[in-house]
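Let me begin by presenting the structure, written as structure tokens, before commenting on it.
We did not get these values from a lab; they are worked out from the coordinates using the rules stated. None of these values were measured; they are calculated from a predicted model. Reconstructed Cβ throughout: ideal geometry from the backbone, glycine too, with neighbour counts over all protein chains shown.
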Amino acid sequence: MHILLAVSGGIAAYKSAELVRLLRKKGAAVRVVMTRSAMQFVSPLTFQALSGNPVHTELLDADAENAMGHISLARWADRIIIAPATADTIAKLSHGLADDLLTTIYLAATCPVYVAPAMNQAMWHKPVTQENINRLIAHGVTTIGPGQGDQACGETGYGRMSEPAEICERLLGRPSEQCLRNRKVLISAGPTREPLDPVRYITNRSSGKMGYALARAALKAGARVTLVSGPVALAPPVNVDVINVETAAQMHEAVISRAEAHDIYIGAAAVADYTPAEVQPEKIKKQDEQVTILLQKTRDILAEVAQLPNRPFTVGFAAETHELETYALGKLTGKNLDLIAANWVGRDQGGFDSEQNALRVFWPTGRQTLAMTDKSHLAEQLISLIAKRCDEKNTA
Ligand code: PMT
């Protein structure tokens, strides 16, 4: 396997030296590209010694162009990993800028590209960085991390580059099989918004990240994917049919009218269980000390999908703050599901709006735990489990 490691300028660049060592130990051939600022953190000589190849640093180097220019390097690579990927590099890549060797190789690449972001937690959470990374993801780039924890700047939070061992494992793992080839998959994602009046609504903390990651993973696995999305701030995945909705009633209509034309339904959306019984036509005025809002139960989309005469393989989620297994198993049988993926919510790690998540997956005859990892990786694991269970059900 030919791995092209592109190092941009962050303190985590030192970890990439270990990544080269691990990749070579596993038998990969490694070539390294460095940006100018990366060279301020680690010397090219370090990467040259570890990779056994000259390090590429200049876009317009006459010798290098004769030997291995950006096009040849892009062609040589089976996989490209940008580690660390700084906020600046992610911004450039997401906008198609190509003013140095790293960015030019990215544009010329046709192989799978991975990025391992590394930056201060506030920079990571800045909306513009999130927009940039989401745009890259929507264009098929796979993210590895970032992880959570103490940062070189003294702060704590998301933004730590993933550990070299994890990056190595993800890069050299078997390419995801086309386990959903010729299948049609319908996925719901994000929150719903239940209006109270023309300016207010009730909603929840779902960001849509889990459902969008599932849509990308299903697409990668060869499926034709329809994504019914509540209001989120994520870029729509390329090559996925996205239906935007706002309320639980709209999501119900969008899902139920399409479900029977799909082989698999995955309900990852956090659908409101209750909606205001009446929507006030005018803004509710501030008058009394207390107001009472009457809420009406919404229709259970997932349970209704499972009751359709030509039901797809039906997968639910369970988001719980306590007694995860008991409630998940109750939903699996109560809603007559084929499989349920249960996650903790309201904790420090995982669940709503987090970059990472962990799942306990149950089906009528078994169970499996998927450990805490970034949502794109988790989604790939869940999709392959769903494909396996679905095949087994169809051949039973
Ligand atoms: O979006 P993220 O920020 O990435 O967060 C991901 C997530 C935590 C939202 C996701 O992993 C998750 O758990 N989604 C389901 C959330 C939820 O509403 O769980 P629940 O236990 O309340 O509902 C159980 C199942 O019934 C879910 O599949 C839900 O989609 C479905 N449901 C619920 C109510 C309703 N009226 N209709 C439904 O279809």
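Which FRET efficiency, nearest 0.05, do Q287 and D391 yield, Cβ-Cβ r, R0 56 Å? For R0 = 56 Å, the calculated efficiency reads 0.40. 3J(HN,Hα) couplings calculated from phi for the range 125-130 with the Karplus curve 6.51 cos²θ - 1.76 cosθ + 1.60 (θ = phi - 60°) are, in sequence order, 7, 4, x, 5, 5, 4 Hz; Gly and Pro show x.
I'm checking a number: the convex hull volume of the Cα atoms of the range 184-395, normalised per residue, in Å³. What is it?
Values: hull volume 28.2 nm³, N = 212.
Output value, Cα hull per residue: 133 Å³.
For the range 87-93, 3J(HN,Hα) computed residue by residue from phi via the Karplus equation (6.51, -1.76, 1.60; θ = phi - 60°) reads 4, 5, 5, 4, 4, 5, 4 Hz, glycine and proline entered as x. For the pair the range 347-392 / the range 7-41, the C-alpha centres are spaced 30 Å from each other. Karplus-based coupling profile of the range 187-195, in residue order and whole Hz: 10, 9, 8, x, x, 10, 10, 10, x, with θ = phi - 60° in 6.51 cos²θ - 1.76 cosθ + 1.60 and x standing for Gly or Pro. Annotation for the range 77-144: trypsin sites (Lys or Arg not before Pro) lying in DSSP loop with at most 15 further Cβ atoms inside 10 Å of their Cβ do not exist. Judged by the ratio a/c of the largest to the smallest principal axis of the C-alpha gyration tensor, the range 267-321 counts as prolate, that ratio being 1.5 or greater while a/b is larger than b/c.
Between rounded, prolate and oblate, where does the range 2-172 land on the alpha carbon gyration tensor, with a ≥ b ≥ c its root eigenvalues, rounded for a/c under 1.5, else prolate if a/b exceeds b/c?
Numbers: a/c = 1.58, a/b = 1.30, b/c = 1.21.
Taking the square roots of the gyration eigenvalues as a ≥ b ≥ c, the range 2-172 is prolate.
One decimal place: the segment D150-A49 gains 33.4 nm when fully extended, by the rule 0.36 nm per residue minus the C-alpha distance. Averaging 1/r over each pair of different alpha-carbon atoms in the chain and inverting the result gives 22.6 Å, the Kirkwood hydrodynamic radius. Helical content of the chain, expressed as a calculated mean residue ellipticity at 222 nm, amounts to -10500 deg cm²/dmol (DSSP H runs of 4 or more residues, -39,500 (n - 2.57) each, divided by residue number, nearest 500).
What does a probe at S72 reach in the range 12-36, counting residues whose amide N is under 13 Å from the point 7 Å along Cα→Cβ? Label zone hits: none. Here each label is just a point 7 Å from Cα along the line to Cβ, and for E325 and R200 those points are 4.2 nm apart.
The alpha-carbon atoms of the range 179-247 define a convex hull whose volume equals 73 cubic angstrom per residue.
The magnitude of the dipole of the chain, with charges of +1 and -1 set on the Cβ of Lys/Arg and Asp/Glu and taken from the Cα centre, is near 800 debye.
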